[in-house]
Amino acid sequence: MIELDIMSEEGGWERIPDVEALARTAAEAALAVTDEAEGEFEASVMLTDDAHIRELNRTWRGKDKPTNVLSFPAPEQPGAAGPRHLGDIALAYETLVRESEEESKELAHHFAHLIVHGVLHLLGYDHEVEEEAEIMEALEVKALASLGIADPYRDMAA
């Protein structure tokens, strides 16, 4: 189980019905498809805008541009009491909307995908190397399928 501390800063996040419930459901789906499925976890989610995520991206990744989602994994604290804190996820509203329109995806489905993606990053999955990307994408597809969301990569295969 994962407990999310969700903070909505800027943007039109109310366009996504029950955005907080959807974030929790997507985070649970991400956990369920990993070896980490058992246990108690927590993470923070910041729903923000392009300006703020651009600042975060510049500060932490050296990239002076907005991005859809950023993940900041927390170091594991062996023996710590309570749920394991996985880290923080930040999502940018304008980028989310633009991508969902460009890719003809439902806004809520794209949001769920980015939450799944972010949680998998917090758990240590990555996509910088092709073999790792294939593993991470397969987990994303499986988690999203459990939510009734189509494979977001299906049209990207070439």
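Summing Lys and Arg as +1 and Asp and Glu as -1 over all other residues whose Cβ lies under 12 Å from the Cβ of Ser146 gives a net charge of -1. For the chain, averaging the sequence separation of C-alpha pairs within contact (under 8 Å, six or more residues apart) and dividing by the residue count gives a relative contact order of 26 percent. Peptide packing for 140-147, 41-48, 52-59 was compared via the average number of neighbouring C-beta atoms within 10 Å per residue; ordered from the highest value, the list is 41-48, 140-147, 52-59. Taking the average, over residues, of other Cβ atoms within 10 Å as the packing measure, peptides 63-75, 24-36, 124-136, 106-118 rank 106-118, 24-36, 63-75, 124-136 from highest down.
Summarising the strand pairing of the chain, around 25 percent of its internal DSSP beta bridges are antiparallel.
For the pair Glu106 and Trp60 in one chain, pulling the backbone fully straight at 0.36 nm per residue adds 13.6 nm over the alpha carbon distance. Straight-line cross-link reach from Lys105 at under 15 Å between alpha-carbon atoms covers these aspartates and glutamates, not counting any fewer than eight positions away in the same chain: Glu94, Asp151, Asp155. Here the Debye sum runs over all C-alpha atoms of the chain as equal scatterers in vacuum, and log10 of I(q)/I(0) at q = 0.11, 0.12 Å⁻¹ comes out as -0.41, -0.49.
None of the figures in this text is laboratory data; all of them are computed from the coordinates on show. What you are looking at is a predicted structure, and each value in this text was computed from that prediction instead of being measured. Virtual Cβ from ideal backbone geometry, glycine too; neighbours counted across all protein chains shown.
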